[in-house]
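First up is the structure itself, then whatever we jot down about it.
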Amino acid sequence: MATFSSLTLLPLPIIIVVFLTVLSSSSPPSFALHSLNFPSLKRSPRFLGKFPHTIKTQPPKNNQQQQQYRYETRYFRQHLDHFGFSDLPSFSQRYLINTEHWLGPDRRGPIFLYCGNEGDIEWFAVNTGFVWEIAPRFGAMVVFPEHRYYGESMPFGSREVAYKNATTLAYLTAEQALADFAVLITDLKRNLSAQACPVVLFGGSYGGMLASWMRLKYPHIAIGALASSAPILQFEDIVPSATFYDIVSNDFRRESTSCFITIKESWDALVSEGLKENGLAQLSKTFHMCQELKSVEDLVDWLESAYSYLAMVDYPYPSDFMMPLPGHPIREVCQKIDNCPDGTSILERIFEGVSIYYNYTGEANCFQLDDDPHGVDGWNWQACTEMIMPMSSSRDKSMFRSYDYNYSFTKEWCWENFRVIPRERWITTEFGGHDIKTTLKLFGSNIIFSNGLLDPWSGGSVLQNISENIVALVTEEGAHHIDLRAATPTDPDWLIEQREIEIKLIEGWINSYYEQKKSIFSM
């Protein structure tokens, strides 16, 4: 086993775990909580959560997110259905492009393509500094295509029409999105006479899943993929459904056992308060809600979301990917909870802690439960069709309420809201997942799966090497696709080393491609 600081390239076989997803905290109907028992039917969070803001102002962006990356915004006409031949209306796909460092077609300059996630592409572009920073080193063109049905890339002319019903949403699938990327890059290369230029894929989270799947589905289009925090294995029964919340809980417990216990005990306290006369009004006051709560479950979802996203973005330096946060935010949360004066109630402690996530800047005077400035609500549809990822919470290891995964509830909710029946096994049929070690070893190449073990999604990714060119980079202190974020002066050594390894691997893919091209032309 080769070890690089806290970075490890793990040998065979792979380890698998959990992935984020389905229904958002505010969309499904809330449940009544009876006595002290929580419902066994539970919705799991998604990759990108709600982004509550103050009534008065949005949270300010810090210097890191204000960093500007130069690009031109362009639009490309895409087929609505790549796999049918009906005369359906096309739509305009937005993409961002930068060619200032590109070596050009004559020198076969590489093309770095980021697989757009479930949100506005500009948001992902400014949070993926790694791609921009290494492009000059490789003489690469940078392309950020937007995922269909997100941001400005709306079929049928508007979000309202595109999201109208199951008929208009039917073309929002991972398969269609990958085909969009393939058609776009093929057309772009043809127009630039750049057919011989190698394409390297990048992606984080859902975008990382798309990058790995695209490398497998379109090997003639892309020579390799860096899939960061890509939980491609959280489908069916491939991984334990409790892993995500177990990892979140471990992140808190490693900082403070008392903090872990306080959070674990808070759920009963919430229910007890909510059952009192005017209990919801008191909870609304305690947690500074802008409107009075309609149910305890709404507040529970709000808190669970904060804890989950804190684990995802438990970076060692300040960031504002989700919300403006300090470095090591879970540590800060637990210090707030633990250091309250004697006599502070458990719910007051919880509010002090969660305010690190929702109000670190101190500018919020009250909180909204539903807000979606990055336009990610299309994920509900995807999670009701093909992205069926089981999730549960264990009784002993988790600081969350215990509950079992309930597919029947997911099926019922999806039918009530979209009039669709989920396809539990479609993703593994389309992209694989079972016995992934054998599949990737026999048919895959040039994929980096990078993960930080603080990230709750790390469990659902590939955590051990499959072959010489299907590589797992695992860091003990890393959080959600931290390697794709912009470099900072305070980056720890293990992160600097991880990125250098990624650069060397990508350089090897490109050089190997050039060598193969040279040998073919010399024949």
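Laboratory data are not the source of any read-out in this text; all were calculated from the coordinates shown. No experiment lies behind these values; they were computed from the predicted model shown. In this analysis, Cβ positions are derived from the backbone assuming ideal geometry, glycine residues included, and neighbour counts consider all displayed protein chains.
For the range 110-205, the relative contact order works out to 41 percent when only alpha carbon pairs closer than 8 Å and six or more residues apart are counted. For the chain, the list of Cys residues with no other Cys C-beta under 4.7 Å reads 115, 197, 340. I want to make sure I understand the PRE zone here: with the label point 7 angstrom from the Cα of residue 261 toward its beta carbon, which residues in the range 308-344 have backbone N atoms less than 18 Å away? Within reach of a label on residue 261, which here means backbone N under 18 Å from a point 7 Å along Cα→Cβ, the range 308-344 contributes 334-344.
Return a whole-number percent for the relative contact order of the chain, with Cα pairs under 8 Å and 6 or more residues apart as the contact set. Provide the component values of the computation, followed by the final result.
Numbers: 1082 pairs, mean separation 135.8, N = 523.
For the chain, the relative contact order is 26 percent.
Farthest towards the positive end of the charge dipole of the chain, among the residues 442, 391, 256, is the Cα of 442, using unit charges on the Cβ of Lys, Arg, Asp and Glu. Under a plain spin-label model, where a point goes 7 Å from the Cα along Cα-to-Cβ, how far apart in nm are residue 269 and residue 503? Output for this residue pair reads 4.8 nm. For the range 198-251, the relative contact order is 35 percent, taking Cα pairs closer than 8 Å that sit 6 or more residues apart in sequence and dividing their mean separation by the residue count. In this structure the amide hydrogen of residue 317, modeled in the peptide plane, comes within under 5 Å of the amide hydrogens of 328, none closer than 5 places in sequence on its chain. Remark: the range 210-222, residue by residue, has Karplus-estimated 3J(HN,Hα) of 4, 5, 5, 5, 5, 4, 6, 7, 10, x, 7, 9, 10 Hz, where x stands for each Gly or Pro and the curve is 6.51 cos²θ - 1.76 cosθ + 1.60 at θ = phi - 60°.
In sequence order, the range 491-504 has phi-based couplings of 4, x, 4, 5, 6, 4, 5, 4, 5, 5, 5, 4, 4, 5 Hz under the Karplus curve 6.51 cos²θ - 1.76 cosθ + 1.60, θ = phi - 60°, and Gly or Pro positions carry x. Please work out whether the range 391-450 counts as rounded, prolate or oblate from its C-alpha gyration tensor, where a ≥ b ≥ c are the square roots of the eigenvalues and a/c under 1.5 means rounded, while otherwise a/b larger than b/c means prolate and anything else oblate? Judged from the Cα gyration tensor, the range 391-450 comes out oblate (a/c at least 1.5, b/c at or above a/b).
Taking a quarter of the surface of the convex hull around the Cα atoms of the range 329-444, what do you get in nm²? All intermediate terms of the calculation are to be shown ahead of the outcome.
Values: hull surface 48.1 nm².
Computing the convex hull of the Cα atoms and averaging its projections yields 12.0 nm².
Phi angles of the range 121-137 translate, via the Karplus equation with coefficients 6.51, -1.76, 1.60 and θ = phi - 60°, into HN-Hα couplings of 5, 5, 5, 6, 4, 6, 9, 10, x, 4, 5, 5, 6, 8, 4, x, 4 Hz per residue; Gly and Pro are given as x. Rounded to the nearest 500, the 222 nm mean residue ellipticity of the chain from helices alone is -11500 deg cm²/dmol, with -39,500 (n - 2.57) taken per DSSP H run of at least 4 residues.
Given a cut-off of 22 Å, name the pairs among 264/411; 264/336; 397/437; 285/336; 217/437 whose C-alpha atoms lie farther apart than that in the structure shown. Spell out each step's value before the answer.
Numbers: 264/411 29 Å; 264/336 16 Å; 397/437 28 Å; 285/336 19 Å; 217/437 17 Å.
The answer is 264/411; 397/437.
Using only Cα atoms and rounding to the nearest 10 degrees, what angle (0 to 90) does helix 346-358 make with the longest principal axis of the chain? Result, in degrees: 30.
The distance separating the Cα centre of the range 243-291 from that of the range 79-111 comes to 47 Å.
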